């Protein structure tokens, strides 16, 4: 099975920028490490697109997430692509 392509939505990119900015206020190197950790975990989805769990709040098999404590990376597999939809802090309410 060929690898799937990753597509980050505008909102997911904005989420990542906000995470980096917030953590950088106290510790710039920790911010870089967190962003790198999230990206590495997401990269694995190219080979294992259904490895994330179904998002409990929605109960839709099409909407999945990977956990990178304390963040939740929400994505959807669409044909040959993986759309990264949002990156939320685990304490945020998902709507």
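Rundown of residues vs (1) in contact with a strand residue (DSSP E or B) (Cβ under 7 Å, 6 or more places away or on another chain); (2) free of Cβ contacts under 8 Å to residues at least 24 places away in the same chain, yes/no style:
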site	(1), (2)
37	yes, no
40	no, yes
45	yes, no
64	yes, yes
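Where strands (runs of 3 or more DSSP E) fall entirely within the chain, those with at least 2 residues that are surrounded by fewer than 18 Cβ atoms within 10 Å (Cβ to Cβ) and out of contact with any helix residue (DSSP H, G or I) (no Cβ under 9 Å at 6 or more places or on another chain) are at 71-78.
A short reminder: the numbers here are calculations on the coordinates, not readings from a lab. Remember, predicted model here, so these are calculated numbers, not experimental data. Cβ: placed from backbone, ideal geometry, glycine included. Neighbour counts: every protein chain shown.
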